[in-house]
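Below is one structure, written out as structure tokens; the observations come after it.
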Amino acid sequence: MKTSLLLFSLTFWSIMAQAQQPFVANMDESKVGNFTLPNPLQKPDGSIIKNKKDWEKHRGYWLAQFQQTMYGKMPEKKLKQSSQLVSRTEILGGKAIQYIWTITFEGKHSISVLGVLPNKSAKVPVFLGLNFCGNQTTNTDKRIPIFEKYVVCNEATQFKNNLGQAESRGAQASRWQFEKLIDAGYGSITVACGDFEEDLPTGYQNGIRTTLADQLGLKTEEWSAIGAWAWGLSSMVDFLETIPQVDAQKIILHGHSRLGKAALWAAANDQRFAAIISNESGEGGAALTRRNYGENLWRITNSFPHWFLKSYQHYAYKENELPFDQHILLSLLAPRPLYVASAMGDQWSDPKGEFLGAQNTEAVYQLYRKPGLGTVAFPGLNAPVGKQVRYHIREGKHDMTLYDWEQYIKFARELVK
Ligand code: GTR
């Protein structure tokens, strides 16, 4: 009796001590350890997929695994959208037109979309991506309404109490590079992620998971914030299909960091995106979860519980038991062009894990005879590798910079035809 009491209190106090220890991310390559990745081509009965027809039949199995375990279900219903053009303004010395649209879903939930398109009537390919802190951060133009919902940019001086202010106009313009895109013949479309769901654990309450729950046919807990953002991106394709100046066959989807995770999930579910760019999407994005380096599953599900299904937390420190790893999410994008990018100063996102995520899509891209990264070694700084699947690590911090955009434009020019 006494021994069991002693054992009980020892266990209790050791659990309490562990729980109170601050999380320390492993940043030491020699401590990563060994792991085996699931084979994207292996079916549950052990047989191996040998051609693209069988892969296309099987990819729904993997999607279902991600839906059940990590990001939650994706609504299958298309909603009625009504759009209203709020303003149309010549910008960049007449080279481009800036559009602001309000889109309302089923008369119940409205969002504000910003488009910058070349000033010509021909259809153009566009880059589409969510922004963190409101459309007003992408450009200093005063006609862009200041986003009034919760934003994640509180650390920047232009934001107070997680709200955008006039000072935040253009605060993240370097992440958008509108003029570069226009000069290269592309348009750019963006919406604040918070217009679909604010990025905090209670964000679902006034986001689409609640406002459109009946229309979408899902309960809030059946999916996640990343799922809601991904659905938002797909709804943008529905919208862009109605815009005569946009070539909706050539939508290049991009996302930085948490919004890169959402972009990957959107494109896995929706094959209408022509090409996908993951900019430093890290844990829960392009980086392998089994690789213990930088942010890990425990940390991400504790810091951002709303990004994933609640049950995903069960895999913390049991990553080897996951039915998949993130290279399979990336494989679901095949045969479309895929760019995975990292930054040297962003070790938290595990650049090597992102590289290996991209590299391990090879087997699936091969089924389409599309060259992936091949067997190249981890590249040096500012030296992109690969073709249909491409990777770079640049110098500098966690961000989306001019260097990144220059590579993405080159990639789109070569591969989105
Ligand atoms: C971090 C988070 C990352 C990444 C990043 C971002 O705090 O740990 O997974 O998503 O935020 O979105 O900037």
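The values are calculated or read from the model by the stated rules, or taken from the named source; none is laboratory data. From a predicted model like this one, the values you see are computed outputs, not experimental measurements. Here Cβ is always computed from backbone atoms with ideal geometry, including for glycine, and neighbour counts include all displayed protein chains.
Condition check ((1) surrounded by fewer than 22 Cβ atoms within 10 Å (Cβ to Cβ); (2) away from the ligand (no atom under 16 Å from the Cβ)) across all residues:
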{"residue": "Phe239", "(1), (2)": "yes, yes"}
{"residue": "Ile252", "(1), (2)": "no, yes"}
{"residue": "Ser257", "(1), (2)": "yes, no"}
{"residue": "Ala268", "(1), (2)": "no, yes"}
{"residue": "Ile277", "(1), (2)": "no, no"}
{"residue": "Thr289", "(1), (2)": "no, no"}
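The number of residues in region 336-352 that are in a helix (DSSP H, G or I) and among the hydroxyl-bearing types (Ser, Thr, Tyr) comes to 1. Taking the criterion of being assigned to a helix (DSSP H, G or I), of a type outside the set (Lys, Arg) and under 22 Å from Glu362 (Cα atoms), the residues of region 386-416 that qualify are Gln407, Tyr408, Phe411, Ala412, Glu414, Leu415. Residues that are more than 20 Å from Asn320 (Cβ to Cβ) and within 9 Å of the ligand (Cβ to nearest atom) were ranked within region 291-305; the one that is surrounded by the most Cβ atoms within 10 Å (Cβ to Cβ) is Phe304. Does Thr102 satisfy being under 30 Å from Gln136 (Cβ atoms) and either assigned to a loop (DSSP other than H, G, I, E, B) or modelled with pLDDT of 95 or more (or both)? Yes: the conditions hold for Thr102.
Checking the condition surrounded by fewer than 16 Cβ atoms within 10 Å (Cβ to Cβ), in contact with a helix residue (DSSP H, G or I) (Cβ under 6 Å, 6 or more places away or on another chain) and at pLDDT 95 or above, which residue from Phe308, Phe378 passes?
Only one candidate qualifies: Phe378.
Considering the conditions (1) free of Cβ contacts under 8 Å to residues at least 40 places away in the same chain; (2) away from the ligand (no atom under 16 Å from the Cβ), Ala228 is excluded by exactly one of them, (2).
Number of residues in region 114-125 that are over 18 Å from Glu90 (Cβ atoms) and either among the basic types (Lys, Arg) or under 18 Å from the mean Cα position of the chain (by Cα) (or both): the value is 1.
Looking at the structure I just gave you, is Thr140 in a loop (DSSP other than H, G, I, E, B) and in contact with a helix residue (DSSP H, G or I) (Cβ under 8 Å, 6 or more places away or on another chain)? I'd like the intermediate steps shown before the answer.
Details: in a loop (DSSP other than H, G, I, E, B): yes; in contact with a helix residue (DSSP H, G or I) (Cβ under 8 Å, 6 or more places away or on another chain): yes.
Against the criterion (in a loop (DSSP other than H, G, I, E, B) and in contact with a helix residue (DSSP H, G or I) (Cβ under 8 Å, 6 or more places away or on another chain)), Thr140 qualifies.
Please verify whether region 314-327 includes one or more residues that are out of contact with any Phe, Trp or Tyr (no Cβ under 6 Å at 6 or more places or on another chain), within 15 Å of the ligand (Cβ to nearest atom) and either modelled with pLDDT under 95 or more than 19 Å from Gln359 (Cα to Cα) (or both). Within region 314-327, none of the residues are out of contact with any Phe, Trp or Tyr (no Cβ under 6 Å at 6 or more places or on another chain), within 15 Å of the ligand (Cβ to nearest atom) and either modelled with pLDDT under 95 or more than 19 Å from Gln359 (Cα to Cα) (or both). Being outside any loop (DSSP other than H, G, I, E, B) and crowded, with 16+ Cβ neighbours inside 10 Å is the filter here; which residues of region 149-178 pass it? Across region 149-178, the qualifying residues are Phe159, Leu163, Gly164, Ser168, Arg175, Phe178. Contact map, region 250-264: residues that are over 20 Å from Phe66 (Cβ atoms) paired with residues that are near the ligand (Cβ under 9 Å from one of its atoms) and at pLDDT 95 or above, Cβ distance under 9 Å, separation 6+ or inter-chain. Pairs shown: His254/Gly260; His256/Phe132; His256/Glu280; His256/Ser281; His256/His398. Within region 402-417, being crowded, with 17+ Cβ neighbours inside 10 Å and either in contact with a helix residue (DSSP H, G or I) (Cβ under 8 Å, 6 or more places away or on another chain) or among the aliphatic types (A, V, I, L, M) (or both) holds for Trp405, Ile409, Ala412, Leu415, Val416. The residues of region 255-303 that are in a strand (DSSP E or B) and either touching an Asp or Glu at 6+ places or on another chain (Cβ under 9 Å) or of a type in the set (Lys, Arg) (or both), listed by number, are His256, Ile277, Ser278, Asn279, Gly294. Residue check: is Ser224 among the small types (Gly, Ala, Ser), more than 29 Å from Asn119 (Cβ to Cβ) and surrounded by fewer than 22 Cβ atoms within 10 Å (Cβ to Cβ)? No: the conditions fail for Ser224.
Out of the residues in region 338-352 that are within 15 Å of the ligand (Cβ to nearest atom) and in contact with a helix residue (DSSP H, G or I) (Cβ under 8 Å, 6 or more places away or on another chain), state the one that is farthest from Gly372 (Cα to Cα). It comes out as Ala343. Number of residues in region 122-159 that are more than 30 Å from Glu414 (Cα to Cα) and within 16 Å of the ligand (Cβ to nearest atom) equals 10.
If only residues of region 118-148 that are in contact with a strand residue (DSSP E or B) (Cβ under 8 Å, 6 or more places away or on another chain) and among the polar types (S, T, N, Q) are counted, the one that is surrounded by the fewest Cβ atoms within 10 Å (Cβ to Cβ) is Asn119.
When Glu106 is tested against (1) in contact (Cβ under 8 Å) with a residue 60 or more places away in the chain; (2) more than 27 Å from the chain's Cα centre (by Cα); (3) on the phi > 0 side of the Ramachandran plot, exactly one condition is not met: (2). Being within 17 Å of Gln326 (Cα to Cα) and either of a type in the set (S, T, N, Q) or within 16 Å of the ligand (Cβ to nearest atom) (or both) is a property that Thr375 lacks.
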